[in-house]
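See structure below.
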Amino acid sequence: MSVYMTSERLADIEARLERDGRVVAAELARIYATSEDTVRRDLRALAAEGRCRRVYGGALPATPSRGTVSARSRLAPAAKAALGAALARLVEPGMTVFIDAGSTTLACAERLQVRGVTVVTHAPVIAAALVENEGVRLVTLGGQVDRLVGAALGGGVLAAVEAMRPDLLLLGACGIDAEAGITAHSLDDAAVKRAVAARAGRVAVAADRMKLATAAPFAVMDLAACDILCLEASTPAEERRRLAACGPAIIDVET
């Protein structure tokens, strides 16, 4: 019989998530001297309250929804600027590039200096950052804008994406984990991300440390399908190893 009360287990699970970045159901069952079914019920209860995200075999910390693009841009601005610049350096003359919604991809658009590129975006703030950039041929996708995502979503955007084959997708991510992959807070946003990724020649994503080892509710893609992952150079070595083992080329960025 478990020596832990339910409330004690829930509090301890949250503490372990904060300390270790993940929990494994089988290991928790051993620690609490209870069944894996009981632990899975605990994880479901925490997930229902938004206090974790369940993944196969355990759980990850929940990726917090941090408001609009402008609000997110004020968090870790130096890291976003450096990561955005790293994404911008991936763009080459003659490319067609899809820039996804996000605060780090916005930082990329603001630093894009290559001439002779076509940029496609469904994010108004990214379009605004590029509209006076004479080196860019700008294509925007319209529709009803989700203010939290910061982009037009829905069937019209998906239909337009079906006709595209961008050379490079600069993907925005809400959460990134070796097991959970790349995730998003919005179902419609995840659908657009998946559709563009399926048609892009290469996919690149940049993530500050707050997004690593976390998961949002909706799956976008496995990390194995991501070609390039830009990380802060200060990312812990073990986390970097786990991400690199999934297949993407890692670019370390000094922030």
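Please report the spacing between the Cα centers of the range 10-69 and the range 194-212 in Å, no decimals.
Rounded to whole Å, the Cα centres lie 25 Å apart.
Calculate, in nm to one decimal, what Ala233 and Ala249 gain on full extension: separation in residues at 0.36 nm each, minus their alpha carbon distance. Let's see the in-between values first.
Numbers: separation 16, 0.36 × 16 = 5.76 nm, distance 1.39 nm.
Contour length minus Cα-Cα distance gives 4.4 nm.
Can you tell me the 0 to 90 degree angle between the C-alpha axis of helix 36-48 and the longest principal axis of the chain, rounded to 10?
Around 40 degrees separate the two axes.
Suppose the chain between Ala224 and Ala198 were pulled fully straight at 0.36 nm per residue; how much longer would it get relative to their current alpha carbon spacing?
Details: separation 26, 0.36 × 26 = 9.36 nm, distance 1.28 nm.
Result: 8.1 nm gained on full extension.
For the ranges 186-196, 111-121, what's the packing order if you count other beta-carbon atoms within 10 Å of each residue, average per peptide, and put the highest first? Let's see the in-between values first.
Values: 186-196: 21.0, 111-121: 18.1.
Output ranking for 186-196, 111-121: 186-196, 111-121.
If Lys and Arg each add +1 and Asp and Glu each add -1, what is the summed charge of the other residues whose beta carbon sits under 13 Å from the beta carbon of Ala225? Please report the intermediate quantities before stating the final value.
Details: positive: Lys193, Arg194, Arg199, Arg202; negative: Asp222, Asp227.
Within the 13 Å Cβ shell, the charges total +2.
In deg cm²/dmol and to the nearest 500, what is the mean residue ellipticity at 222 nm of the chain if only DSSP H runs of at least 4 residues count, each as -39500 (n - 2.57), divided by the residue total? Mind showing how you got there, number by number?
Details: 10 runs with 97 residues, N = 255.
Theoretical 222 nm ellipticity from helices: -11000 deg cm²/dmol.
Under a GNM of the chain (C-alpha, springs under 10 Å), which listed residue has the highest mean-square fluctuation: Leu212, Leu60, Leu28?
Leu28
Within 9 Å, Cβ to Cβ, of Asp146, how many net charges do the neighbouring residues add up to if Lys/Arg are +1 and Asp/Glu are -1? Write out the running numbers ahead of the final one.
Values: positive: Arg147; negative: Asp188, Asp189.
That works out to -1.
All of the numbers you see were taken from the coordinates with simple rules; none came from a lab. Predicted, not measured: the structure shown is a model, and the values here were computed from it. Because the Cβ atoms are built from the backbone with ideal geometry, glycine has one as well, and the counts that use them run over all protein chains shown.
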